[in-house]
Amino acid sequence: MEKELRQRPTNSLKVVLFGPESTGKTVLAKQLAEHYQTVFVPEYSRTYALEKIKKGENLTSQDVMPIAKGQMALENTISKDANTLLICDTNLLETKVYAELYYDGFYNESLTASAIQNHYDLYFLTYIDIPWEADEVRDKPNERETMFKAFEKALNDYNKPYVLLKGSFDERFQMAVKHIDKLI
């Protein structure tokens, strides 16, 4: 396992928002961080993709590992500022699922090992029942169900603890708070 893909030890509980694009992960991560007066780890791949788009370039399978390393570096840096809870807008398991879906079964041994071994206390799997919103990075509005099933399968395959979040933004927030409060 590559050193850049390992989590640094922390005393904070870690929860991760997990699921397909445009399912409210970033909105919820910000709400939860504010509610618990802590920090959240944003999605590095979004920043990375926007930089490539500005240059007129498309993401390729060659970008997967730089994205994974950037995400882990961001998490490790931001985790130092967390109180008892760290909210992650994404993680390496999500990067792995996206890479497999976008790049015809992409596989990297270090990414897979780290995605499985890095620890999160709870995953919130976000369902596709809120409207899809277009932006410069999102590109799969007609594949939401397939994407959702792939994310759900990964959680089940690797026996990750998760709660399915459905409904409005407020309903998702209330459900997430209920489950986080049980952890704290």
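Things to note:
- Centre-to-centre, using Cα atoms only, segment 45-73 and segment 139-184 are separated by 24 Å.
- Residue pairs, from the table Lys54/Lys96; Lys80/Lys166; Lys55/Lys96; Lys55/Lys160, whose Cα atoms sit over 28 Å apart: Lys80/Lys166; Lys55/Lys160
- Within segment 75-118: backbone nitrogen closer than 18 Å to the Ala150 label point (7 Å, Cα to C-beta): 90-109, 111-113, 115-116
- Rounded to the nearest 500, the helix-only mean residue ellipticity at 222 nm of the chain stands at -14500 deg cm²/dmol, with each DSSP H run of n ≥ 4 adding -39,500 (n - 2.57).
- For segment 132-149, 3J(HN,Hα) computed residue by residue from phi via the Karplus equation (6.51, -1.76, 1.60; θ = phi - 60°) reads 6, 10, 6, 8, 6, 9, 5, 8, 10, x, 9, 10, 4, 5, 4, 4, 4, 4 Hz, glycine and proline entered as x.
- Counted charge near Tyr127, where neighbours are those whose Cβ lies closer than 14 Å (Asp, Glu -1; Lys, Arg +1): 0
- J(HN,Hα) series, segment 54-70, from Karplus relation 6.51 cos²θ - 1.76 cosθ + 1.60, nearest Hz, glycine and proline x: 4, 8, x, 10, 9, 5, 9, 4, 5, 8, 4, 5, x, 5, 4, 5, x
- Evaluating 6.51 cos²θ - 1.76 cosθ + 1.60 at θ = phi - 60° for every residue in segment 153-166, the Karplus couplings come out as 4, 4, 4, 5, 4, 9, 6, 8, x, 8, 10, 7, 9, 10 Hz, glycine and proline recorded as x.
Every number here is computed from the coordinates shown, using simple stated rules; none is lab data. Keep in mind that this is a model prediction, so the values were computed, not measured. Using ideal geometry, Cβ is built from the backbone for each residue, glycine included, and neighbour counts are taken over all protein chains shown.
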